[in-house]
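Written out below as structure tokens is the structure these notes cover.
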Amino acid sequence: MIRFEGVHKWFKKLHVLNDVNLHVKQGEVVVLCGPSGSGKSTLIRTVNRLEPIDRGKLIVDGQNLSDPKTDINKLRAEIGFVFQQFNLYPHLSVLKNITLAPIKIRNITRGEAEEQATVLLERVGLAEKRDAYPAQLSGGQQQRVAIARALAMKPKIMLFDEPTSALDPEMIGEVLQVMQGLAHTGMTLIVVTHEMGFAREVADRVVFIDFGVILEEATPEEFFKNPKHERARLFLKEILSPMH
Amino acid sequence: MQTGLDFSVIWNNMAHFMIGRYPSGPIGGLMLTLYLALIGLVLSFVGGLVLGLLCVSHNRFIRYPTLAVVNVIRGIPLLMVIFWMYFLLPALIGRPTPENWTIIMALTVFTSAYMSQIVQAGIEGIPRGQTEAALSTGLRPFQAMVHVILPQALRNMIPSFVNQFVSMIKDTSLAFIVGVSELTHVATQVNNRTMVYPTEIFIFIAAVYFIICFAFTTLSRWLEQRLAWRRAI
């Protein structure tokens, strides 16, 4: 579904992605983790070309992202993206946040789009908030709306870029539950997160990245029980028991 | 010999100040001032929007020439632009242009340049994440601009737009230089005819400009509050 082949990217002189090779199969749930500044956000943002790559090959849903013939807008419609900062449209109601793209891109009627949005809102547990504005919602609610907005395009792939990092602790659970529900539908998921509980329970594979290099790829059991790379061991220690 | 101010000259010429020689002649006075400003506002809103969008284009062959034009216009006095239009416009279209349109075009070109800067700043003031969110759902860049960025940006721009409009109302007074009979021109006519009331006449004219401009500024403040973001609770 997604295949990185020798992908490199630089920000000025900083080598943020260094020879990344990764294959994510259809229906797979992959958790990307690593220290801050490791390049994990950049990596996930290359998948829908929010960040273009400088070298190598990136194939998503059978299309080469570097090929000028690839219609990136069309491809992006098949890839849901959830941001750390939610990025809901503040001038639109929850319902309109969700229906905007389907109406404009999928050419369905407003009625159909609203019906579908209502179903999605029920799924993320926010049916009663359809007419609210983003600023009237809590962080966790906003993020769930953002997930519903991404799902409204019926994407084949969902990308989550630290979806719970901007949330108060008591709201993290509600968002993770929605994501877990998604994982069980067989959708292809890539999740950048520090929520190791989520990785352990939901991920098929954990990918550890640092300095733009993939250092470790393993099943969650393997990764947590017996991390091979020294940096991964250090990272897990930091994140699982930060006081030591 | 006259002592003190005699405002009867104002009342006696009120119709002239307000509507010029209308209905026996063309409309003039305050009505013409408002007419020029209103048409100028609509045209320079469109002009400013287009120029502003070109200014934020990712294509440098579009962005830099537009920025150059905008900065040239901003760097010359309005009076120069009016003279340009006065001599250039007829030459360009090959026939004489009505003075009203000379002024409207000059105001539009001049104000569009300023408006474009407001539009540019307004668009750049919207967080990058908004564009990214819109693009990530598959919207094309233009759709993201129209449905996500501009509605937010325009709302933030309203106060600056009204400021420009108020400036434009005052700028219409320069139209008297090419003989357009707007408020200031009418005032000089009445002054020339009555000879001895310049103080009264120009106090009155200043008051009229002030009231109109103050009204619009107040309106904008009210509008701003009505359209204020629904803030977090």
Between A:Glu230 and B:Ala206, how many nm apart are label points set 7 Å from Cα along the C-beta direction?
-> 8.1
Per-peptide average of other Cβ atoms within 10 Å, ordering B:132-138, B:191-197, A:99-105 highest first = B:132-138, A:99-105, B:191-197
How well do other chains shield peptide B:120-133, expressed as the mean number of their Cβ atoms within 10 Å of each residue Cβ?
-> 3
Rounded to a whole number, the mean other protein chain Cβ count within 10 angstrom for residues of A:133-142 is 2
Note the full-extension length gain between A:Arg106 and A:Asp71 as 0.36 nm times their separation in residues minus their Cα-Cα distance, in nm to one decimal.
-> 11.1 nm
On a C-alpha basis, how far is the centre of region B:145-195 from the centre of region A:59-85 in Å? Whole number, if you could?
-> 47
How far is the Cα center of region B:47-114 from the Cα center of region A:1-19, in Å?
-> 45
Please find, in a Gaussian network model of chain A (springs between Cα atoms separated by less than 10 Å), the residue of A:Ala218, A:Ala199, A:Ala117 whose mean-square fluctuation is greatest.
-> A:Ala218
Based on other C-beta atoms within 10 Å, arrange B:His185, B:His16 from fewest to most.
-> B:His16, B:His185
So which of A:Lys104/A:Lys156; A:Lys129/A:Lys156; A:Lys57/A:Lys154 end up more than 21 Å apart by C-alpha?
-> A:Lys129/A:Lys156; A:Lys57/A:Lys154
Describe numerically, in nm with one decimal, the distance between label points set 7 Å from Cα along Cα→Cβ at B:Glu224 and at B:Lys170.
-> 1.7
Cα-derived Rg over Rh, computed across chain B with Rh taken as Kirkwood radius = 1.07
Beta bridges by DSSP in the protein assembly as shown, antiparallel share as percent, to the nearest 5 | 55
With R₀ set to 56 angstrom, the calculated FRET efficiency between the beta-carbons of B:Leu88 and A:His8, to the nearest 0.05, is 0.55
Exercise: per-residue mean of other protein chain Cβ atoms within 10 Å, A:89-102 = 4
In deg cm²/dmol, rounded to 500, what helix-only [θ] at 222 nm does chain B give when every DSSP H run of at least 4 residues adds -39500 (n - 2.57) and the total is split over its residues?
-> -24000 deg cm²/dmol
Rounded to one decimal in nm, the spacing of the 7 Å Cα→Cβ label points at B:Met14 and B:Ala215 is 1.5
Which of the aspartates and glutamates could be linked to A:Lys228 by a straight reach, that is with a Cα gap under 15 Å, when you skip same-chain ones fewer than 8 residues away?
-> A:Asp210, A:Glu216, A:Glu217
Sorted by Cβ density within 10 Å, fewest first, the residues A:Phe224, A:Phe11 | A:Phe11, A:Phe224
What is the magnitude of the charge dipole of region B:28-232 about its Cα centre, with +1 placed on the Cβ of each Lys and Arg, -1 on the Cβ of each Asp and Glu, and no other charges, expressed in debye to the nearest 20?
-> 560
Of the trypsin sites (Lys or Arg not before Pro) in region A:2-75, those whose Cβ has at most 14 other Cβ within 10 Å and which sit in DSSP loop | A:Lys12, A:Lys13, A:Lys25, A:Lys69
Zone of B:Thr199 (label point 7 Å along Cα→Cβ, backbone N under 20 Å): which residues in region B:9-33?
-> B:9-13
Chain A, helix-only ellipticity at 222 nm - DSSP H runs n ≥ 4, -39,500 (n - 2.57), divided by all residues, nearest 500 = -11000 deg cm²/dmol
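Computed from the coordinates by the stated procedures, all read-outs in this text should not be read as laboratory data. Computed from a predicted structure; not experimentally measured. Every residue, glycine among them, receives a Cβ derived from its backbone with ideal geometry; neighbour counts consider all protein chains shown.
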